[in-house]
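Right, one structure below, let's go through it.
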Amino acid sequence: MAEQKLFAGHAVRRLRRSNGLSQAALAEALEISPSYLNLIERNQRPLTAALLLRLADQFDTDPRALAGASDPGGGMDAMRRRLADPMFADLEIDRVQIEEWLAAAPAGAEAFARAFDRVGAALGSGSDPFAELRAEIERWRNHFADLDSDAEALADELRLGAGDLYNAIAERLRVKHQLSIRILPVDAMPDRLRRLDLHARQLQLSELLDPASRTFGAAFQLAQLEAKDPIEWLVKGAGFKERASERLFRRHLTSYFAAALMMPYARFLRACEATGYDLELLQRRFGAGFEQVAHRLTTLQRVGARGLPFFMIRIDRAGQSSKRFGGASNSPLVEEDGRCPLWALHRAFDHPGTLLTQLVELQDGSRWFTLARTVRPQGVSIGSVAAEFAIGLGLAADVASPLASARGIDLKRGEAVGVGLGCRSCTRPDCPQRSAPPVSRALVFNERERAIAPFTFAGD
(Lines give C-alpha, C1' and ligand atoms only; values in the text may rest on other atoms or scores of the structure.)
Protein backbone atom coordinates (compact mmCIF):
# COMPACT_ATOMS: atom_id res chain seq x y z
CA MET A 1 0.00 0.00 0.00
CA ALA A 2 2.82 2.41 0.90
CA GLU A 3 4.26 2.01 -2.59
CA GLN A 4 1.07 2.76 -4.53
CA LYS A 5 1.23 5.88 -6.68
CA LEU A 6 -1.21 8.05 -8.50
CA PHE A 7 -1.13 11.36 -10.35
CA ALA A 8 -3.67 13.71 -8.78
CA GLY A 9 -2.01 17.12 -9.02
CA HIS A 10 -5.22 18.96 -9.83
CA ALA A 11 -6.96 17.46 -6.79
CA VAL A 12 -4.08 18.43 -4.47
CA ARG A 13 -4.02 21.97 -5.88
CA ARG A 14 -7.78 22.31 -5.44
CA LEU A 15 -7.58 21.05 -1.83
CA ARG A 16 -4.72 23.45 -1.03
CA ARG A 17 -6.45 26.49 -2.51
CA SER A 18 -9.79 25.70 -0.89
CA ASN A 19 -7.98 25.82 2.46
CA GLY A 20 -6.20 29.07 1.63
CA LEU A 21 -2.69 27.62 1.85
CA SER A 22 0.42 28.46 -0.09
CA GLN A 23 2.58 25.72 -1.54
CA ALA A 24 5.16 26.39 1.13
CA ALA A 25 2.61 26.02 3.94
CA LEU A 26 1.19 22.76 2.59
CA ALA A 27 4.66 21.38 1.89
CA GLU A 28 5.62 22.06 5.52
CA ALA A 29 2.47 20.30 6.76
CA LEU A 30 3.26 17.26 4.60
CA GLU A 31 6.97 17.32 5.53
CA ILE A 32 8.14 17.63 1.94
CA SER A 33 9.89 20.43 0.06
CA PRO A 34 7.88 23.14 -1.76
CA SER A 35 9.62 22.22 -5.02
CA TYR A 36 8.49 18.59 -4.66
CA LEU A 37 4.91 19.70 -3.97
CA ASN A 38 5.09 21.90 -7.06
CA LEU A 39 6.03 18.86 -9.15
CA ILE A 40 3.16 16.87 -7.62
CA GLU A 41 0.65 19.60 -8.48
CA ARG A 42 1.95 19.69 -12.04
CA ASN A 43 1.59 15.87 -12.29
CA GLN A 44 5.33 15.49 -12.78
CA ARG A 45 5.63 13.44 -9.61
CA PRO A 46 3.15 10.88 -8.25
CA LEU A 47 1.18 11.24 -5.07
CA THR A 48 2.24 8.23 -3.01
CA ALA A 49 -0.11 6.41 -0.69
CA ALA A 50 1.86 7.77 2.30
CA LEU A 51 1.30 11.37 1.17
CA LEU A 52 -2.32 10.58 0.41
CA LEU A 53 -2.87 9.45 3.98
CA ARG A 54 -1.11 12.55 5.35
CA LEU A 55 -3.40 14.78 3.31
CA ALA A 56 -6.41 12.90 4.55
CA ASP A 57 -5.24 13.28 8.14
CA GLN A 58 -4.38 16.99 7.80
CA PHE A 59 -7.67 18.00 6.17
CA ASP A 60 -10.03 15.35 7.55
CA THR A 61 -10.70 14.16 3.99
CA ASP A 62 -11.65 10.71 2.78
CA PRO A 63 -8.53 9.51 0.88
CA ARG A 64 -10.80 7.85 -1.67
CA ALA A 65 -12.05 11.29 -2.67
CA LEU A 66 -8.52 12.25 -3.67
CA ALA A 67 -7.56 8.89 -5.15
CA GLY A 68 -10.73 8.77 -7.20
CA ALA A 69 -10.84 12.43 -8.17
CA SER A 70 -11.84 12.69 -11.79
CA ASP A 71 -9.33 14.15 -14.19
CA PRO A 72 -10.15 17.49 -15.82
CA GLY A 73 -12.51 16.96 -18.73
CA GLY A 74 -12.55 13.22 -18.10
CA GLY A 75 -8.80 12.86 -18.61
CA MET A 76 -6.48 12.40 -21.54
CA ASP A 77 -8.64 10.08 -23.65
CA ALA A 78 -11.78 12.18 -23.29
CA MET A 79 -9.93 15.39 -24.16
CA ARG A 80 -8.35 13.75 -27.21
CA ARG A 81 -11.79 12.74 -28.44
CA ARG A 82 -13.04 16.30 -28.20
CA LEU A 83 -9.95 17.71 -29.90
CA ALA A 84 -10.29 15.17 -32.71
CA ASP A 85 -13.22 17.23 -33.99
CA PRO A 86 -12.42 18.43 -37.54
CA MET A 87 -12.70 22.06 -36.42
CA PHE A 88 -9.41 21.61 -34.51
CA ALA A 89 -7.58 19.58 -37.17
CA ASP A 90 -5.41 22.43 -38.44
CA LEU A 91 -4.09 23.10 -34.90
CA GLU A 92 -2.31 19.72 -34.81
CA ILE A 93 -2.60 19.34 -31.04
CA ASP A 94 -0.63 16.29 -29.97
CA ARG A 95 -0.70 14.17 -26.83
CA VAL A 96 2.20 15.99 -25.18
CA GLN A 97 0.43 19.35 -25.53
CA ILE A 98 -2.74 17.94 -24.00
CA GLU A 99 -0.77 16.47 -21.09
CA GLU A 100 0.87 19.84 -20.46
CA TRP A 101 -2.51 21.57 -20.62
CA LEU A 102 -4.11 19.19 -18.13
CA ALA A 103 -1.18 19.57 -15.75
CA ALA A 104 -0.72 23.34 -16.03
CA ALA A 105 -4.34 24.51 -16.29
CA PRO A 106 -6.74 21.77 -15.15
CA ALA A 107 -9.56 24.23 -14.44
CA GLY A 108 -9.23 25.72 -17.92
CA ALA A 109 -9.30 22.24 -19.47
CA GLU A 110 -12.40 21.37 -17.47
CA ALA A 111 -14.08 24.63 -18.55
CA PHE A 112 -13.32 23.85 -22.21
CA ALA A 113 -14.72 20.32 -21.85
CA ARG A 114 -17.96 21.55 -20.26
CA ALA A 115 -18.45 24.22 -22.92
CA PHE A 116 -17.70 21.78 -25.76
CA ASP A 117 -20.11 19.20 -24.36
CA ARG A 118 -22.83 21.76 -23.72
CA VAL A 119 -22.64 23.09 -27.27
CA GLY A 120 -22.76 19.55 -28.60
CA ALA A 121 -25.76 18.73 -26.45
CA ALA A 122 -27.54 21.92 -27.54
CA LEU A 123 -26.98 21.06 -31.18
CA GLY A 124 -28.08 17.45 -30.79
CA SER A 125 -30.52 16.97 -27.98
CA GLY A 126 -33.21 19.39 -29.05
CA SER A 127 -33.91 17.65 -32.33
CA ASP A 128 -32.38 14.20 -31.88
CA PRO A 129 -33.64 12.11 -28.95
CA PHE A 130 -31.13 9.39 -29.85
CA ALA A 131 -28.24 11.79 -29.22
CA GLU A 132 -29.71 12.70 -25.85
CA LEU A 133 -30.23 9.02 -25.05
CA ARG A 134 -26.69 8.05 -25.98
CA ALA A 135 -25.20 10.90 -23.93
CA GLU A 136 -27.04 9.62 -20.84
CA ILE A 137 -26.00 6.01 -21.42
CA GLU A 138 -22.36 7.02 -21.86
CA ARG A 139 -22.56 9.20 -18.74
CA TRP A 140 -23.18 5.95 -16.85
CA ARG A 141 -20.65 4.09 -19.04
CA ASN A 142 -23.54 1.73 -19.75
CA HIS A 143 -23.27 0.21 -16.28
CA PHE A 144 -26.25 0.53 -13.95
CA ALA A 145 -25.12 -1.03 -10.69
CA ASP A 146 -28.50 -1.14 -8.93
CA LEU A 147 -30.20 -2.82 -11.88
CA ASP A 148 -27.38 -5.36 -12.09
CA SER A 149 -27.62 -6.13 -8.40
CA ASP A 150 -31.41 -6.52 -8.46
CA ALA A 151 -31.31 -8.69 -11.59
CA GLU A 152 -28.61 -10.88 -10.07
CA ALA A 153 -30.65 -11.41 -6.89
CA LEU A 154 -33.75 -12.27 -8.94
CA ALA A 155 -31.75 -14.67 -11.12
CA ASP A 156 -30.50 -16.49 -8.03
CA GLU A 157 -34.05 -16.71 -6.70
CA LEU A 158 -35.34 -18.12 -9.98
CA ARG A 159 -32.56 -20.72 -10.10
CA LEU A 160 -33.78 -22.15 -6.79
CA GLY A 161 -37.13 -22.98 -8.37
CA ALA A 162 -36.05 -24.31 -11.78
CA GLY A 163 -32.89 -24.99 -13.72
CA ASP A 164 -34.30 -23.61 -16.96
CA LEU A 165 -34.52 -19.81 -16.89
CA TYR A 166 -37.29 -19.48 -19.46
CA ASN A 167 -39.57 -21.86 -17.58
CA ALA A 168 -38.67 -20.22 -14.27
CA ILE A 169 -39.64 -16.79 -15.63
CA ALA A 170 -42.85 -18.19 -17.11
CA GLU A 171 -43.77 -19.67 -13.73
CA ARG A 172 -42.95 -16.39 -11.97
CA LEU A 173 -45.17 -14.46 -14.36
CA ARG A 174 -47.99 -16.98 -13.88
CA VAL A 175 -47.89 -17.21 -10.10
CA LYS A 176 -46.96 -13.67 -9.08
CA HIS A 177 -48.45 -11.62 -11.89
CA GLN A 178 -51.21 -13.86 -13.26
CA LEU A 179 -49.74 -13.75 -16.75
CA SER A 180 -49.32 -16.77 -18.97
CA ILE A 181 -47.01 -17.03 -21.98
CA ARG A 182 -48.46 -18.12 -25.29
CA ILE A 183 -46.49 -18.77 -28.46
CA LEU A 184 -48.53 -17.63 -31.46
CA PRO A 185 -48.11 -18.62 -35.12
CA VAL A 186 -46.94 -15.95 -37.51
CA ASP A 187 -50.31 -15.72 -39.27
CA ALA A 188 -51.97 -14.84 -35.95
CA MET A 189 -49.37 -12.15 -35.15
CA PRO A 190 -47.83 -11.26 -38.53
CA ASP A 191 -46.31 -7.88 -37.64
CA ARG A 192 -45.38 -8.31 -33.97
CA LEU A 193 -42.78 -10.32 -32.08
CA ARG A 194 -44.10 -9.64 -28.59
CA ARG A 195 -47.45 -8.39 -27.33
CA LEU A 196 -48.98 -8.05 -23.87
CA ASP A 197 -52.71 -8.83 -23.93
CA LEU A 198 -54.01 -7.65 -20.56
CA HIS A 199 -57.58 -8.72 -21.36
CA ALA A 200 -56.49 -12.34 -21.85
CA ARG A 201 -53.69 -11.98 -19.23
CA GLN A 202 -51.19 -13.27 -21.76
CA LEU A 203 -47.68 -12.41 -22.88
CA GLN A 204 -47.84 -13.41 -26.52
CA LEU A 205 -44.59 -14.28 -28.30
CA SER A 206 -44.12 -14.98 -31.99
CA GLU A 207 -43.10 -18.43 -33.15
CA LEU A 208 -40.41 -16.64 -35.20
CA LEU A 209 -38.36 -16.06 -32.05
CA ASP A 210 -35.56 -18.50 -31.28
CA PRO A 211 -35.09 -19.78 -27.69
CA ALA A 212 -32.69 -16.96 -26.70
CA SER A 213 -35.09 -14.30 -27.98
CA ARG A 214 -38.06 -15.96 -26.27
CA THR A 215 -36.21 -15.96 -22.96
CA PHE A 216 -35.28 -12.30 -23.48
CA GLY A 217 -38.89 -11.40 -24.31
CA ALA A 218 -40.12 -13.09 -21.13
CA ALA A 219 -37.33 -11.44 -19.09
CA PHE A 220 -38.20 -8.04 -20.60
CA GLN A 221 -41.81 -8.44 -19.42
CA LEU A 222 -40.68 -9.46 -15.95
CA ALA A 223 -38.38 -6.42 -15.83
CA GLN A 224 -41.30 -4.12 -16.67
CA LEU A 225 -43.18 -5.54 -13.69
CA GLU A 226 -40.50 -6.06 -11.04
CA ALA A 227 -37.85 -3.45 -11.85
CA LYS A 228 -40.22 -0.60 -12.55
CA ASP A 229 -39.23 1.60 -9.59
CA PRO A 230 -35.42 1.63 -10.04
CA ILE A 231 -35.87 2.11 -13.78
CA GLU A 232 -38.19 5.08 -13.23
CA TRP A 233 -35.72 6.63 -10.79
CA LEU A 234 -33.00 6.49 -13.42
CA VAL A 235 -35.29 7.91 -16.10
CA LYS A 236 -36.41 10.82 -13.93
CA GLY A 237 -32.85 11.49 -12.81
CA ALA A 238 -31.74 11.89 -16.42
CA GLY A 239 -33.74 15.11 -16.79
CA PHE A 240 -34.41 14.64 -20.50
CA LYS A 241 -35.86 17.49 -22.52
CA GLU A 242 -37.48 15.18 -25.04
CA ARG A 243 -40.35 12.82 -24.17
CA ALA A 244 -39.04 10.41 -26.80
CA SER A 245 -35.67 10.29 -25.03
CA GLU A 246 -37.37 9.21 -21.81
CA ARG A 247 -39.18 6.38 -23.54
CA LEU A 248 -36.04 5.23 -25.36
CA PHE A 249 -34.04 5.29 -22.11
CA ARG A 250 -36.77 3.35 -20.29
CA ARG A 251 -36.69 0.71 -23.02
CA HIS A 252 -32.87 0.54 -22.83
CA LEU A 253 -32.93 0.09 -19.05
CA THR A 254 -35.63 -2.58 -19.26
CA SER A 255 -33.57 -4.44 -21.85
CA TYR A 256 -30.50 -3.99 -19.63
CA PHE A 257 -32.31 -5.65 -16.71
CA ALA A 258 -33.53 -8.48 -18.95
CA ALA A 259 -30.00 -9.15 -20.20
CA ALA A 260 -28.62 -8.99 -16.65
CA LEU A 261 -31.25 -11.54 -15.62
CA MET A 262 -30.12 -13.88 -18.41
CA MET A 263 -26.42 -13.22 -17.76
CA PRO A 264 -26.06 -12.44 -14.02
CA TYR A 265 -23.03 -10.26 -13.38
CA ALA A 266 -20.78 -12.41 -11.19
CA ARG A 267 -21.48 -15.66 -13.03
CA PHE A 268 -21.09 -14.02 -16.42
CA LEU A 269 -17.80 -12.34 -15.50
CA ARG A 270 -16.39 -15.60 -14.13
CA ALA A 271 -17.37 -17.35 -17.35
CA CYS A 272 -15.75 -14.59 -19.42
CA GLU A 273 -12.46 -14.91 -17.56
CA ALA A 274 -12.53 -18.72 -17.57
CA THR A 275 -13.21 -18.99 -21.32
CA GLY A 276 -11.04 -16.10 -22.53
CA TYR A 277 -14.19 -14.18 -23.45
CA ASP A 278 -15.10 -16.87 -25.98
CA LEU A 279 -18.28 -15.45 -27.50
CA GLU A 280 -19.66 -18.72 -28.82
CA LEU A 281 -19.17 -20.50 -25.50
CA LEU A 282 -20.78 -17.61 -23.64
CA GLN A 283 -23.79 -17.79 -25.96
CA ARG A 284 -24.22 -21.49 -25.29
CA ARG A 285 -23.61 -21.27 -21.56
CA PHE A 286 -26.16 -18.51 -20.96
CA GLY A 287 -28.63 -19.32 -23.72
CA ALA A 288 -28.15 -15.89 -25.28
CA GLY A 289 -27.72 -14.49 -28.77
CA PHE A 290 -24.52 -13.03 -30.18
CA GLU A 291 -25.74 -9.44 -29.98
CA GLN A 292 -27.00 -9.96 -26.43
CA VAL A 293 -23.58 -11.24 -25.31
CA ALA A 294 -21.77 -8.47 -27.20
CA HIS A 295 -23.86 -5.80 -25.49
CA ARG A 296 -23.40 -7.42 -22.09
CA LEU A 297 -19.62 -7.24 -22.47
CA THR A 298 -19.80 -3.42 -22.54
CA THR A 299 -21.51 -3.29 -19.13
CA LEU A 300 -18.96 -5.07 -16.93
CA GLN A 301 -17.85 -2.12 -14.81
CA ARG A 302 -18.81 -3.14 -11.29
CA VAL A 303 -16.49 -1.57 -8.71
CA GLY A 304 -14.04 -4.22 -7.52
CA ALA A 305 -15.06 -6.68 -10.23
CA ARG A 306 -14.50 -5.08 -13.59
CA GLY A 307 -14.36 -6.94 -16.86
CA LEU A 308 -12.37 -5.90 -19.92
CA PRO A 309 -13.36 -2.48 -21.33
CA PHE A 310 -15.18 -3.39 -24.54
CA PHE A 311 -16.99 -1.12 -26.93
CA MET A 312 -19.78 -2.25 -29.25
CA ILE A 313 -21.24 -0.83 -32.44
CA ARG A 314 -23.97 -2.07 -34.77
CA ILE A 315 -24.11 -0.92 -38.39
CA ASP A 316 -26.06 -1.69 -41.55
CA ARG A 317 -24.62 -2.19 -45.03
CA ALA A 318 -24.63 1.57 -45.62
CA GLY A 319 -22.41 2.04 -42.57
CA GLN A 320 -25.14 3.72 -40.53
CA SER A 321 -24.94 2.94 -36.83
CA SER A 322 -28.05 1.96 -34.88
CA LYS A 323 -26.29 1.09 -31.62
CA ARG A 324 -23.10 2.47 -30.08
CA PHE A 325 -21.88 1.68 -26.58
CA GLY A 326 -18.45 2.97 -25.59
CA GLY A 327 -18.57 1.63 -22.06
CA ALA A 328 -15.21 2.20 -20.38
CA SER A 329 -13.20 1.80 -23.59
CA ASN A 330 -12.86 5.52 -24.46
CA SER A 331 -12.39 4.38 -28.05
CA PRO A 332 -12.66 6.89 -30.90
CA LEU A 333 -13.77 3.97 -33.09
CA VAL A 334 -17.18 4.09 -31.45
CA GLU A 335 -17.23 7.67 -30.18
CA GLU A 336 -16.72 9.33 -33.57
CA ASP A 337 -19.39 9.38 -36.27
CA GLY A 338 -16.95 8.66 -39.10
CA ARG A 339 -15.73 5.15 -39.90
CA CYS A 340 -13.11 3.69 -42.19
CA PRO A 341 -13.93 1.13 -44.93
CA LEU A 342 -10.61 -0.59 -44.15
CA TRP A 343 -12.03 -1.69 -40.80
CA ALA A 344 -13.08 -5.36 -41.05
CA LEU A 345 -16.43 -4.43 -39.54
CA HIS A 346 -17.56 -3.44 -43.04
CA ARG A 347 -16.37 -6.74 -44.53
CA ALA A 348 -18.47 -8.80 -42.13
CA PHE A 349 -21.41 -8.66 -44.55
CA ASP A 350 -19.35 -10.63 -47.06
CA HIS A 351 -18.87 -13.44 -44.51
CA PRO A 352 -22.27 -13.94 -42.81
CA GLY A 353 -22.06 -15.56 -39.40
CA THR A 354 -18.23 -15.66 -39.39
CA LEU A 355 -16.32 -13.95 -36.61
CA LEU A 356 -13.64 -11.67 -38.10
CA THR A 357 -10.74 -10.42 -35.98
CA GLN A 358 -8.49 -7.49 -36.83
CA LEU A 359 -5.75 -5.45 -35.20
CA VAL A 360 -6.08 -1.80 -36.22
CA GLU A 361 -4.02 1.30 -35.54
CA LEU A 362 -5.31 4.86 -35.52
CA GLN A 363 -3.31 7.89 -36.56
CA ASP A 364 -2.52 8.74 -32.95
CA GLY A 365 -0.70 5.40 -32.65
CA SER A 366 -3.31 3.72 -30.46
CA ARG A 367 -3.99 0.06 -31.26
CA TRP A 368 -7.32 -1.70 -30.98
CA PHE A 369 -8.18 -5.37 -31.24
CA THR A 370 -11.58 -5.75 -32.89
CA LEU A 371 -14.07 -8.49 -33.67
CA ALA A 372 -16.97 -8.34 -36.12
CA ARG A 373 -19.84 -10.61 -37.10
CA THR A 374 -23.20 -10.29 -38.81
CA VAL A 375 -26.51 -10.88 -37.07
CA ARG A 376 -30.06 -11.25 -38.33
CA PRO A 377 -32.66 -10.00 -35.84
CA GLN A 378 -35.35 -12.57 -35.16
CA GLY A 379 -38.31 -12.31 -37.51
CA VAL A 380 -37.40 -8.85 -38.79
CA SER A 381 -38.34 -8.90 -42.46
CA ILE A 382 -40.79 -7.15 -44.72
CA GLY A 383 -41.66 -9.01 -47.87
CA SER A 384 -38.44 -10.30 -49.39
CA VAL A 385 -36.20 -7.92 -47.39
CA ALA A 386 -34.63 -9.44 -44.26
CA ALA A 387 -32.76 -7.25 -41.79
CA GLU A 388 -29.03 -7.80 -41.41
CA PHE A 389 -26.51 -5.92 -39.30
CA ALA A 390 -22.83 -6.16 -38.45
CA ILE A 391 -21.79 -6.11 -34.80
CA GLY A 392 -18.38 -4.68 -33.98
CA LEU A 393 -16.65 -5.33 -30.65
CA GLY A 394 -13.27 -4.02 -29.62
CA LEU A 395 -10.91 -2.99 -26.87
CA ALA A 396 -7.48 -1.44 -26.51
CA ALA A 397 -4.82 -3.85 -27.77
CA ASP A 398 -2.71 -3.48 -24.63
CA VAL A 399 -5.47 -5.13 -22.52
CA ALA A 400 -6.67 -7.67 -25.11
CA SER A 401 -4.23 -10.50 -24.33
CA PRO A 402 -6.74 -12.46 -22.16
CA LEU A 403 -8.99 -12.97 -25.21
CA ALA A 404 -9.01 -16.45 -26.71
CA SER A 405 -9.50 -14.85 -30.13
CA ALA A 406 -6.29 -12.83 -29.70
CA ARG A 407 -4.00 -15.76 -28.97
CA GLY A 408 -1.01 -15.94 -31.28
CA ILE A 409 -1.29 -12.28 -32.26
CA ASP A 410 1.48 -9.85 -31.35
CA LEU A 411 -0.73 -7.07 -30.07
CA LYS A 412 2.14 -4.64 -29.43
CA ARG A 413 4.40 -5.07 -32.46
CA GLY A 414 2.40 -7.18 -34.90
CA GLU A 415 1.22 -5.80 -38.20
CA ALA A 416 -1.88 -3.63 -37.78
CA VAL A 417 -4.16 -2.14 -40.40
CA GLY A 418 -4.03 1.65 -40.39
CA VAL A 419 -7.57 3.03 -40.21
CA GLY A 420 -9.03 6.49 -39.77
CA LEU A 421 -12.18 8.01 -38.33
CA GLY A 422 -13.74 8.89 -41.64
CA CYS A 423 -12.09 10.42 -44.69
CA ARG A 424 -12.91 14.00 -43.72
CA SER A 425 -10.84 13.75 -40.54
CA CYS A 426 -8.17 11.28 -41.72
CA THR A 427 -4.89 12.70 -43.03
CA ARG A 428 -3.24 9.48 -44.21
CA PRO A 429 -1.82 10.45 -47.63
CA ASP A 430 -1.51 7.00 -49.21
CA CYS A 431 -5.01 5.50 -48.97
CA PRO A 432 -6.48 4.38 -52.33
CA GLN A 433 -9.86 3.85 -50.65
CA ARG A 434 -10.24 7.55 -49.79
CA SER A 435 -13.60 9.06 -50.73
CA ALA A 436 -12.97 12.67 -49.73
CA PRO A 437 -10.00 14.86 -48.79
CA PRO A 438 -9.46 15.84 -45.14
CA VAL A 439 -11.06 19.14 -44.15
CA SER A 440 -7.86 20.26 -42.43
CA ARG A 441 -5.61 20.05 -45.50
CA ALA A 442 -5.45 22.15 -48.65
CA LEU A 443 -5.77 20.25 -51.92
CA VAL A 444 -2.71 20.13 -54.18
CA PHE A 445 -3.12 19.87 -57.96
CA ASN A 446 -0.56 18.80 -60.56
CA GLU A 447 -1.96 18.52 -64.08
CA ARG A 448 1.06 16.51 -65.26
CA GLU A 449 0.77 13.74 -62.67
CA ARG A 450 -1.80 11.33 -61.27
CA ALA A 451 -1.12 9.77 -57.89
CA ILE A 452 -2.46 6.38 -56.79
CA ALA A 453 -4.57 8.03 -54.12
CA PRO A 454 -7.55 9.95 -55.53
CA PHE A 455 -6.65 13.19 -53.73
CA THR A 456 -3.36 14.92 -53.05
CA PHE A 457 -3.20 17.41 -50.23
CA ALA A 458 -0.69 19.45 -48.28
CA GLY A 459 1.20 17.66 -45.52
CA ASP A 460 2.08 18.78 -42.03
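Of note:
- Evaluated against (1) of a type in the set (Asp, Glu); (2) free of Cβ contacts under 8 Å to residues at least 60 places away in the same chain; (3) surrounded by 17 or more Cβ atoms within 10 Å (Cβ to Cβ), Asp148 falls short on exactly one condition, (2).
- For Ala416, the criteria (1) touching a residue at least 60 places away in the same chain (Cβ under 8 Å); (2) within 27 Å of Ser329 (Cα to Cα); (3) surrounded by 14 or more Cβ atoms within 10 Å (Cβ to Cβ) hold in every case but one, which is (1).
- Out of Leu253, Leu209, one residue alone is crowded, with 20+ Cβ neighbours inside 10 Å and either within 23 Å of Ala294 (Cβ to Cβ) or modelled with pLDDT of 95 or more (or both). It is Leu253.
- Only listed residue being in contact (Cβ under 8 Å) with a residue 24 or more places away in the chain, within 30 Å of Glu136 (Cβ to Cβ), out of contact with any helix residue (DSSP H, G or I) (no Cβ under 6 Å at 6 or more places or on another chain) and hydroxyl-bearing (Ser, Thr, Tyr), chosen from Ser206, Ser213: Ser213
- Candidates Gly394, Gly414: the one that is under 20 Å from the mean Cα position of the chain (by Cα), within 25 Å of Thr275 (Cα to Cα) and either modelled with pLDDT of 95 or more or not in a strand (DSSP E or B) (or both) is Gly394.
- Being surrounded by 13 or more Cβ atoms within 10 Å (Cβ to Cβ) and of a type in the set (D, E, K, R) is a condition met by no residue of region 395-409.
- Consider region 280-300 and keep the residues that are over 10 Å from the mean Cα position of the chain (by Cα) and polar (S, T, N, Q). The one that is nearest to Ser331 (Cα to Cα) is Gln292.
- All conditions but one from (1) assigned to a helix (DSSP H, G or I); (2) out of contact with any helix residue (DSSP H, G or I) (no Cβ under 7 Å at 6 or more places or on another chain); (3) surrounded by 15 or more Cβ atoms within 10 Å (Cβ to Cβ); (4) not small (Gly, Ala, Ser) apply to Asp229; the one that does not is (3).
- Residue within region 326-336 that is within 15 Å of the chain's Cα centre (by Cα) and among the acidic types (Asp, Glu) present: yes
- Thr357 being at pLDDT 95 or above, of a type in the set (Ser, Thr, Tyr), crowded, with 19+ Cβ neighbours inside 10 Å and not assigned by TED's automatic domain parsing to the domain that holds Gly217: no
The values are calculated or read from the model by the stated rules, or taken from the named source; none is laboratory data. As the structure is a prediction and not an experimental result, all values here were calculated from the model. All Cβ positions, even for glycine, are placed from backbone atoms using ideal geometry, and neighbour counts span all protein chains on display.
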